[in-house]
Amino acid sequence: MSVLSNLFAELIAILTAILGAVPFIVGYVLLILSCLVVWKFIRKLMTPKKDYGSLKTVTFGDESAVSSNFAASVVSIVLIFILWGTFTGTKLLPSFLHMPGAYEGQFDFTYTAEAADGTVDDATVTVLVHGVGEQPVVPTIEPGDGFAKNDVIVIQAYRSKLLPWDANDAIMRKDGAKIIAINGQAIADGQDMNIAQTRLALTNKGTLNIEPNQGVQMEPIWLPSPEDVWASLVDISTDGFKNFTLAEHLGFSLFRVVIGFLLGAVVGIPLGYAMGLSDWFRGWFDPIVEFMRPVPPLALIPLVIIWAGIGEQGKIILLFLAALWIMAIAARSGVSGVKISKVHAAYSLGASKWQIMRYVIIPNSLPEIFTGARVAMGVCWGTVVAAELVAAEKGAGMMIMVASKFQQTQIVILGIILIGIIGFGIDMLMRWAERVLVPWKGRG
Amino acid sequence: MSGLSIDKLSMRFDLPNGASVQALKDVSLDLKAGELLSVLGPSGCGKTTLLNIVAGFLAPTSGEIRLNGSLVTGPSAERGMVFQQGALFEWMSVRENVGFGPKMKGQNPKIARETVDHLLDVVGLHDFKEKAVYELSGGMQQRVALARCLANDPDVILMDEPLGALDALTREKMQSLVLKLWKETGKTIILITHSVEEALLLGERLLVMAPRPGRIHKEYRLPFAEMGVGQDLREVKKHPEFAKNREEILAMIWDMEEEIMGRTEVAS
Ligand SMILES: Nc1ncnc2c1ncn2[C@@H]1O[C@H](COP(=O)(O)OP(=O)(O)O)[C@@H](O)[C@H]1O
Ligand SMILES: [Mg+2]
């Protein structure tokens, strides 16, 4: 019962979080729609092209009439960068495009303190709110006269601070002093007021909480600006990160993937052929392959670490296992997919068994094997990053994991972008190889 | 003893559910070298099964086949096969497809190349030698299949509805080509077809088969194949004998089909 109610509470929490994101999602969709309207308008101004597609009257529901709109893709990518920029206050964009940022600057206010005997005195507080990462010069002030002395406080943007206003005063809170007004406006414990984009609140115990406006931009530790990410790219590709340069981190990840994949293919393809050609092999390996295939390679990481440690060996064993079953299954279905009429034709043209294998079965299975290789490379890339997240001395995954421990969010973001680009590049490369090497794919 | 002799061939398929299908029963047939036989019959009467047994892809439950006196036990280069479609190797060019048989035999590549070039000229694919087979139309692909079979110089050519997937115009051109190749090469040919007209046009001898069990129903000897060589096939079709034979065979097959339908209706 308690499990159920716990799950229910979790569900409620998740739904609330989603609900909080709804305004942003709606805003994004409205942006897309307004771009669409603008685009349609521009299209109308340009002379319409008369191609075959434009003469179709039925387009809604016709799959072939829907192709990816290049303009929309460009706008989509540009928009991501603009949104990223406006919410991080990037210098690459003019400032009118920025979302309101956190308050930065210096201001004064005066508080009026009342001692237990009823005497009152004013003191000035100088507040300096400085940007993230800046080293502010603390303003010098005169202590002033009366029992309440002037204060100075330095706060980093996005943060708030409690001001122990009475610490330097002649009559302190423990002596019965308390604030009764700020800038001449009466205030009592537990109340608050706003001055210069800053919320001043008296706690129930009479201390003063100073909370400068945080705006709607993201704090760099959550989301660094594009130029910070670029700067960290420049930085770690020359100076490196944790003893290795960026190229070494990425290169090692790729190296593991390539070696693991090649080993998996070298073992998996012959295994798949054997399973496709002999019922004994099929029976022998079917249970193993069918069991291992649905096991996510990530689930093997702990066992591989126990067996082989966190060095190269363990990583390559893991990637080998990730690629092995995919390649075996691809080769098996490539062999089983051969049309019997092709095999018959080859036999009645005088081919021997070996020649059938060499000239019919292997070429016929290549398209399937290439599809498998593409999937396997993708899975291996994902697996290597995850394995490096868990434990590694170098590699793309290790880089972002360590960076996150040191709160170097710009390196985390950079790593994610690079991992994405490399994964995409691998896929493109495999597609290209497939087009060049097996042009007959799907043409039988 | 030259030629193909089929002696009391029977084939029974035992189905997994315990039932069995008598696909062929006591089929006997003698073909002299160079004869052109077309086989016709409602679907399911065992035509493909017969051809597969002659090709050596299936062993009969009883009976035997001899080619030039020696027993047929498996597929061999002396019995070439032309399939309906999809039996070309799409990873090879047109030239490589046609040269496949000679290459398997280990023939001298230069001689093989001459043979292949010649055959591709004969079937009218002079300009398509280096193309990939999937770039060709269906009719052209069947020309490649014919050339590939001939390049191997088989004694017998077996064709299972080779023109069945082609459109009417292409089909007519291909029929002329088959007749031409038959006359020029003098091969023994067995051609299975669904089309009565095609069977009449392309058969020196015509076999009508009946189903359940698959057997030879009637045999004809026809003059039209000889007439059609180098002739416009439409002229041959105008022949009064042609029309007469066509109506007779059509009626025969209609009756068989009706009998099958009636039987299944009773059964269900
Ligand atoms: N491998 C097989 N297993 C079981 N039955 C088969 C098999 N091959 C053919 N048959 C049966 O044998 C009969 C003849 O088939 P087939 O030779 O393909 O006929 P046709 O080519 O004349 O249409 C059909 O009833 C078919 O169902
Ligand atoms: Mg058939």
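The values are calculated or read from the model by the stated rules, or taken from the named source; none is laboratory data. Predicted model, so just to flag it, every value in this text is computed and none were measured. With ideal geometry, Cβ positions are generated from the backbone for all residues, glycine too; neighbour counts draw on all protein chains shown. Note: accessible area is taken over every heavy atom of the protein model, side chains too, but ligands, DNA and RNA are not part of it. Shrake-Rupley method; radii C 1.70, N 1.55, O 1.52, S 1.80 Å.
Couple of notes before you dig in:
- Hey, B:Ala55 at the interface with chain A (Cβ under 9 Å from one of its Cβ atoms) and on the phi < 0 side of the Ramachandran plot or not: yes
- Listed by first and then second residue, the pairs linking a residue in the range B:92-104 that is open to solvent by 10 Å² or more (accessible area, probe 1.4 Å) to a residue that is assigned to a loop (DSSP other than H, G, I, E, B), with Cβ atoms under 7 Å apart and 6 or more places separating them unless they lie on different chains, are B:Ser93/B:Glu130; B:Ser93/B:Lys131; B:Arg95/B:Lys129; B:Arg95/B:Glu130; B:Met104/A:Leu349; B:Met104/A:Gly350; B:Met104/A:Ala351.
- Residues in the range A:326-341 that are in contact (Cβ under 8 Å) with a residue 60 or more places away in the chain and over 13 Å from A:Tyr273 (Cβ atoms) were compared, and the one that is farthest from the other protein chains (Cβ to nearest Cβ) is A:Ile326.
- A:Ala299 being part of a helix (DSSP H, G or I), at pLDDT 95 or above and away from every other protein chain (no Cβ under 14 Å): no
- Residue count for the range A:326-342, restricted to those that are open to solvent by less than 40 Å² (accessible area, probe 1.4 Å) and not in a helix (DSSP H, G or I): 1
- Sole exception among (1) in contact with a helix residue (DSSP H, G or I) (Cβ under 9 Å, 6 or more places away or on another chain); (2) away from ligand 2 (no atom under 16 Å from the Cβ); (3) over 16 Å from B:Ile190 (Cα atoms) for B:Asn17, by number: (1)
- Taken as a whole, the range A:379-391 holds at least one residue that is under 28 Å from A:Val267 (Cα atoms), part of a loop (DSSP other than H, G, I, E, B) and either open to solvent by less than 30 Å² (accessible area, probe 1.4 Å) or within 14 Å of chain B (Cβ to nearest Cβ) (or both).
- Candidate set from the range B:95-115 (those that are under 24 Å from the mean Cα position of the chain (by Cα) and away from every other protein chain (no Cβ under 13 Å)); member that is nearest to B:Leu181 (Cα to Cα): B:Thr115
- Within the range B:174-202, the residues that satisfy the criterion of being of a type outside the set (A, V, I, L, M) and either within 16 Å of ligand 1 (Cβ to nearest atom) or farther than 25 Å from B:Lys238 by Cβ (or both) are B:Glu184, B:Thr185, B:Gly186, B:Lys187, B:Thr188, B:Thr193, B:His194, B:Ser195, B:Glu198.
- Members of the range B:27-75 found to be away from ligand 1 (no atom under 16 Å from the Cβ) and surrounded by 18 or more Cβ atoms within 10 Å (Cβ to Cβ), listed by number: B:Leu31, B:Glu35, B:Leu36, B:Leu67, B:Val72, B:Pro75
- Output for the range A:101-156, where each listed residue is of a type in the set (Ser, Thr, Tyr), open to solvent by less than 70 Å² (accessible area, probe 1.4 Å), farther than 15 Å from A:Ala181 by Cα and part of a loop (DSSP other than H, G, I, E, B): A:Tyr103
- Wholly within the range B:119-238, strands (runs of 3 or more DSSP E) carrying at least 3 residues that are open to solvent by 40 Å² or more (accessible area, probe 1.4 Å) and either in contact with a strand residue (DSSP E or B) (Cβ under 6 Å, 6 or more places away or on another chain) or in the same structural domain as B:Glu96 (by TED's automatic domain parsing) (or both): B:215-221
- Scanning the range A:346-357 finds no residues that are under 34 Å from the mean Cα position of the chain (by Cα) and either more than 14 Å from chain B (Cβ to nearest Cβ) or not in a loop (DSSP other than H, G, I, E, B) (or both).
- Residue in the range A:413-420 that is open to solvent by less than 20 Å² (accessible area, probe 1.4 Å) and under 15 Å from the mean Cα position of the chain (by Cα) present: yes
- Cross-chain or 6+ apart pairs with Cβ under 8 Å, the range B:28-49 first and away from every other protein chain (no Cβ under 14 Å) and of a type in the set (Lys, Arg), then within 16 Å of ligand 1 (Cβ to nearest atom) and in a loop (DSSP other than H, G, I, E, B): B:Lys47/B:Gly41; B:Lys47/B:Gly214
- Search result, residues across the range B:76-85 that are within 16 Å of ligand 1 (Cβ to nearest atom), facing another protein chain (nearest Cβ under 7 Å) and open to solvent by less than 20 Å² (accessible area, probe 1.4 Å): B:Met81
- Only one of the numbered conditions (1) at pLDDT 90 or above; (2) in a loop (DSSP other than H, G, I, E, B) is not met by A:Trp84, and that is (2).
- Selection from the range A:365-378 of residues that are open to solvent by 20 Å² or more (accessible area, probe 1.4 Å) and within 11 Å of chain B (Cβ to nearest Cβ): A:Leu366
- Index of the failed condition, A:Arg443 passing every other in (1) more than 14 Å from every other protein chain (Cβ to nearest Cβ); (2) surrounded by fewer than 20 Cβ atoms within 10 Å (Cβ to Cβ); (3) of a type in the set (D, E, K, R): (1)
- A:Phe60 passes every criterion in (1) among the aromatic types (Phe, Trp, Tyr); (2) over 30 Å from A:Leu414 (Cβ atoms); (3) touching a residue at least 60 places away in the same chain (Cβ under 8 Å) apart from (3).
- Residues in the range B:149-183 that are of a type in the set (A, V, I, L, M) and either more than 13 Å from chain A (Cβ to nearest Cβ) or within 16 Å of ligand 2 (Cβ to nearest atom) (or both): B:Leu158, B:Met159, B:Leu163, B:Ala165, B:Leu166, B:Ala168, B:Leu169, B:Met174, B:Leu177, B:Val178, B:Leu179, B:Leu181.
- When residues of the range A:185-200 are limited to those that are closer than 18 Å to A:Val129 by Cα and in a loop (DSSP other than H, G, I, E, B), the one modelled with the highest pLDDT: A:Gln197
- Output for the range B:184-207, where each listed residue is within 16 Å of ligand 2 (Cβ to nearest atom) and closer than 18 Å to B:Ile53 by Cα: B:Ile190, B:Leu191, B:Ile192, B:Thr193, B:Leu207
- A:Ala299 open to solvent by less than 40 Å² (accessible area, probe 1.4 Å) and among the small types (Gly, Ala, Ser): no
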